[in-house]
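Remarks on the structure that follows.
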Amino acid sequence: TSYLTYLYANNLYGWAMSQYMPYKNFKWCKTDIDVTKVPDDAPTGYILEVDLEYPEQLHDLHSDLPLAPERRVPPGSKEEKLLTTLLEKEKYVVHYRNLKQYLSLGMKLKKVHRVLSFSQSAWLKPYIDLNTEMRTQARNEFEKDFFKLMNNSVFGKTMENIRNRVDIRLATKDKQVDKWTAQPNFKSRTIFTEQLAAVHMSKTKLMFNKAIYVGMSILDVSKTLMYDFHYNVIKRR
């Protein structure tokens, strides 16, 4: 008899956010670092740009959940999607904990292009633990959702893409519309009535003040839990 089983990692991002995360001292360093000897809780962590080989003898074993997902344009599509493939990876940006895992599961490191080092600690863990404890004590669904969102909102802010932000200007006169649509950062306009229109403008200045490096680390570290469960628990059974 065959069965389909749905498995869910409860509080996956909360777990990842409780791990060691980067927070300061970002700098490029030498590419001869051996990440297999760097503990998960080392004071210094790394993000690397590498070339990886996926040995053919692993293809059958890994075909249901290939390692090292990447954004590619799938056959029959024009847009990039996040795909897990058995293809080789070129200039693949990866957290060192993931790279350690991929190498332990059989992938081969062909080349290291760049290495970014940083100081790391479990600085988010007390906050995550507090919200988790408060959620267990919640007396209603609102409180449960609230403390869950308190974690999720922090993750969301670390992945916020400010490049997509737009200035919306409301115009009540033709002169205003003509003036703004003539600007080089004009994108589009929406006409509501004869007396009201919205002019969409790209921002001319951006403040890159979001911790994208944390969001990237959360996403990568969360994958290590999923791959560990699949290959070291499910596959071994």
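The values are calculated or read from the model by the stated rules, or taken from the named source; none is laboratory data. Computed from a predicted model, the values in this text were never measured in an experiment. Glycine also receives a Cβ, built like all others from the backbone with ideal geometry; neighbour counts cover every protein chain displayed.
Points to keep in mind about this one:
- Checking each residue in region 202-226 for being aromatic (F, W, Y) and either loosely packed, with under 14 Cβ neighbours inside 10 Å or over 25 Å from N25 (Cα atoms) (or both) picks out only F208.
- Taking region 171-185 as the range and being more than 37 Å from the chain's Cα centre (by Cα) and part of a helix (DSSP H, G or I) as the test, the residues that pass are D174, K175, Q176, V177, D178, K179.
- Cβ-Cβ under 7 Å pairs, at least 6 apart or on other chains, region 198-209 side of a type outside the set (G, A, S), far side assigned to a loop (DSSP other than H, G, I, E, B) and modelled with pLDDT of 90 or more: M201/Q183; M201/N185; T204/N185
- If you check N151, N209 for being of a type in the set (S, T, N, Q), assigned to a loop (DSSP other than H, G, I, E, B) and farther than 30 Å from Q57 by Cα, only one passes: N209.
- When region 1-29 is filtered for residues that are polar (S, T, N, Q) and either surrounded by 13 or more Cβ atoms within 10 Å (Cβ to Cβ) or free of Cβ contacts under 8 Å to residues at least 24 places away in the same chain (or both), the ones remaining, listed by number, are T1, S2, T5, N10, N11, S18, Q19.
- Close pairs (7 angstrom Cβ cut-off, 6 or more residues apart or separate chains): surrounded by 14 or more Cβ atoms within 10 Å (Cβ to Cβ) in region 124-141, among the charged types (D, E, K, R) anywhere: R135/K144; R135/K148; A138/K144
- Single unsatisfied condition, N10 versus (1) assigned to a loop (DSSP other than H, G, I, E, B); (2) touching a helix residue (DSSP H, G or I) at 6+ places or on another chain (Cβ under 7 Å): (2)
- Residue in region 193-208 that is farthest from D174 (Cα to Cα), counting only those that are within 25 Å of the chain's Cα centre (by Cα) and among the hydrophobic types (A, V, I, L, M, F, W, C): F208
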